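Report on one structure; see the data block that follows.
The values are calculated or read from the model by the stated rules, or taken from the named source; none is laboratory data. Nothing here was measured: the structure is a model prediction, and the numbers come from that model. Here the Cβ positions follow ideal geometry from the backbone for every residue, glycine too, while neighbour counts run over all protein chains shown. Only protein heavy atoms, including side chains, enter the accessible area calculation; ligands, DNA and RNA are left aside. Shrake-Rupley method; radii C 1.70, N 1.55, O 1.52, S 1.80 Å.
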Amino acid sequence: MLISLKNYWDTEAVKALLAECMRAGEERVEEEVQSYLQDDSMRLFGSFVNGELAGLAGLCSSGEDLVIRHFVVKAKWRHKRLGSGMIEEIARAWGKGALKAETDHEAVVFYKKAGFSVTSLGEKYPGVERFQCILPLSRSEEASL
């Protein structure tokens, strides 16, 4: 179950997971956390295992679509369906348009297994191929994000 991290007490755990996902320094991570706290179109959710923040999803609405800006699962919880369960819950809760993500080569297999179509965007940065991942969603009466 995903829980909003907007008022979560352990901001250091949030920052640590976000830093892992972003591969960025402390200052840049702090800026992103502030963006999630201040921008109503952005949402930050966590998945917990035994009381521990095990996964994080940073989302941004864009019209009918929901964009995954940040997505990470702690290493010790990977390959245990936590990430795919998070994607399923996000898709079910949003229930309209599409779920979209841009990623690098490392995460392509994950998104394909989760049902996303994956298209290469080419070498977006020198030596770095990026991919667009799209999961079309059907309209749901139960949408809640």
- request: Scan the stretch 29-52 residue by residue and report those that are within 29 Å of residue 80 (Cβ to Cβ) and either among the basic types (Lys, Arg) or open to solvent by 40 Å² or more (accessible area, probe 1.4 Å) (or both).
  value: 43, 48, 50, 51, 52
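Each row is one residue, and each column tells you yes or no for (1) touching a Ser or Thr at 6+ places or on another chain (Cβ under 9 Å); (2) small (Gly, Ala, Ser).
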{"residue": "4", "(1), (2)": "no, yes"}
{"residue": "8", "(1), (2)": "no, no"}
{"residue": "22", "(1), (2)": "no, no"}
{"residue": "26", "(1), (2)": "no, no"}
{"residue": "36", "(1), (2)": "no, no"}
{"residue": "56", "(1), (2)": "yes, no"}
{"residue": "66", "(1), (2)": "no, no"}
{"residue": "70", "(1), (2)": "no, no"}
{"residue": "88", "(1), (2)": "no, no"}
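Where in the stretch 66-145 are there strands (runs of 3 or more DSSP E), lying wholly inside it, with at least 2 residues that are open to solvent by 50 Å² or more (accessible area, probe 1.4 Å) and free of Cβ contacts under 8 Å to residues at least 12 places away in the same chain?
Values: elements: 98-104, 117-125, 128-136.
Of the strands (runs of 3 or more DSSP E) lying wholly inside the stretch 66-145, those with at least 2 residues that are open to solvent by 50 Å² or more (accessible area, probe 1.4 Å) and free of Cβ contacts under 8 Å to residues at least 12 places away in the same chain span 117-125.
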- prompt: Which of (1) in contact with a helix residue (DSSP H, G or I) (Cβ under 8 Å, 6 or more places away or on another chain); (2) open to solvent by 30 Å² or more (accessible area, probe 1.4 Å); (3) free of Cβ contacts under 8 Å to residues at least 40 places away in the same chain; (4) not polar (S, T, N, Q) does residue 23 not meet, given it meets every other one?
  reply: (1)
task: Working only within the stretch 40-54, note down all residues that are within 16 Å of residue 88 (Cβ to Cβ) and under 9 Å from the mean Cα position of the chain (by Cα).
output: 45
